[in-house]
Amino acid sequence: MVTDSLLQATGVPGIVVGVWDPGKNISLQKGFGYDNPTTKSPLGFSDLFRIGSNTKSFVITVILQLVDEGKIRLTDKLSKYYPQFPRADEVTLHHLCTMSSGIFNYTNLDSFWEIYQSNPLKKWSPEELINIAAGQPYVFDPGNGYYYSNTNTVMLGRIIEIETGKSLGDALKERIMNPHGLKSTTFPSDHRFPGIYIHGWRTDSAGVHTDVSEFADLSWGWAAGAMISNIYDVKKYVEFLIRGGMISDSLQQKRTNDATVISSNIKYGYGIFTYGNGYWGHNGGLDGYTSIMMHNTAKNRTIIVFVNTYPEGDVVGDVFRRIAQVLEE
């Protein structure tokens with residue numbers, strides 16, 4: 001099987017797979033490998049998992065809801081909220097949502113990760129993260145390329161707070177989790193899981209495994225990657241995300257139509273991306289956890305992959321693509 005060969009080839013502790021394809025009468029949710037590679041305990045595939053940058057799709061959905069409500073416009077300038085940020089009058093909310101702003105990604109600095117390792121429970125404020133980026137040059141002129149930057153979504157998270165008068169966690173809960181029945185999905189305020197969880201691992205060059213499940217306070221990722229969910233909530237959410245139902249039909253269409261082209265078959269839209277072949281969704285990766293959630297509306301097919309480490313290479317993408325290929329056979 002796809003997962004068995006990748007477990008052996010990559011050495012990752014475990015892989016959780018969810019595949020739903022009603023047309024082929026397929027509904028598979030299973031864990032492969034281990035929750036703990038030392039004790040060889042099995043994966044509880046429905047347990048909680050850090051979904052990393054999939055968080056961005058939630059945040060950008062709320063931004064689009066605020067556009068629908070007439071509270072903001074995608075043409076609004078960053079200077080409306082951060083007038084002191086360099087070149088803020090050249091950056092629009094559209095640029096932030098589509099990774100086309102050129103604003104530096106604060107997690108690309110070695111000095112940031114030195115703090116992460118030495119003081120993992122540090123409480124980062126969004127302003128601290130934004131200020132790191134403000135001290136670095138733009139990667140390109142706003143609107144003239146694609147560059148994946150966590151800073152973009154941290155800024156969008158603060159804009160949500162400013163416009164709603166609520167914390168980002170409360171805004172996400174009230175606008176997405178509660179209305180759409182995502183009962184196992186949370187935006188954490190610290191380093192802990194709120195329930196039974198899949199353990200995340202870091203493996204050194206000597207093959208020694210370290211449990212990093214609750215190693216760091218997730219304020220370092222905040223709007224760009226802090227959320228926790230499980231396979232069933234992610235399935236429900238990605239189907240709303242790609243089919244529609246959380247924003248107006250016109251903005252739902254804009255999510256894909258205004259995507260930034262990355263390569264011949266990869267595009268990044270408003271908090272969603274595609275590998276082509278009709279699948280759209282998002283992925284996520286952070287210390288101990290990687291994931292991908294993809295939905296094909298035309299075929300009513302959903303594929304979710306969780307891996308309980310942050311491996312070399314695109315393991316979750318490889319598993320997704322192999323499963324998608326098998327389903328075409």
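The values are calculated or read from the model by the stated rules, or taken from the named source; none is laboratory data. Every value quoted in this text rests on a predicted model; they were computed, and no experiment measured them. Every residue, glycine among them, receives a Cβ derived from its backbone with ideal geometry; neighbour counts consider all protein chains shown. SASA here: full protein model, heavy atoms, side chains in, ligands and nucleic acids out. Shrake-Rupley method; radii C 1.70, N 1.55, O 1.52, S 1.80 Å.
Under 21 Å from the Cα of residue 40, which lysines turn up, not counting those fewer than eight places away in the same chain? Hits, sequence-local ones excluded: 30.
Take the Cα of residue 314, go 7 Å toward its beta carbon, and the backbone nitrogen atoms of the stretch 231-262 under 17 Å from that spot belong to 260-262. The stretch 13-28 and the stretch 190-221 have their alpha-carbon centroids 26 Å apart. Computed from the C-alpha gyration tensor, the three semi-axes of the ellipsoid equivalent to the chain are 30, 24, 18 Å, from longest to shortest. Among the listed pairs 56/236; 173/299; 173/267, those whose Cα-Cα separation exceeds 22 Å are 173/299; 173/267. Distance between the 7 Å Cα→Cβ label points at residue 325 and residue 206: 3.8 nm. Under a Gaussian network description of the chain, with springs only between Cα atoms under 10 Å, the residue in 113, 222, 201 that fluctuates furthest is 113.
Normalised by the residues of the stretch 49-194, what does the relative contact order come to in percent, with Cα pairs under 8 Å and at least six apart?
26 percent
Note that the stretch 249-329 presents 40 Å² accessible area per residue, ligands and nucleic acids not counted, probe 1.4 Å.
Report note on the peptides 270-280, 95-105: ranked by the mean count of other C-beta atoms within 10 Å, highest first, their order is 95-105, 270-280.
For the chain, with all protein chains in place and a probe radius of 1.4 Å, 49% of the accessible heavy-atom surface sits on carbon or sulfur.
Highest GNM mean-square fluctuation among 142, 13, 83, for the chain modelled with Cα contacts below 10 Å: 83. Helical content of the chain, expressed as a calculated mean residue ellipticity at 222 nm, amounts to -9000 deg cm²/dmol (DSSP H runs of 4 or more residues, -39,500 (n - 2.57) each, divided by residue number, nearest 500). In the elastic network of the chain, a GNM with C-alpha springs shorter than 10 Å, the most mobile of 118, 167, 79 is 118.
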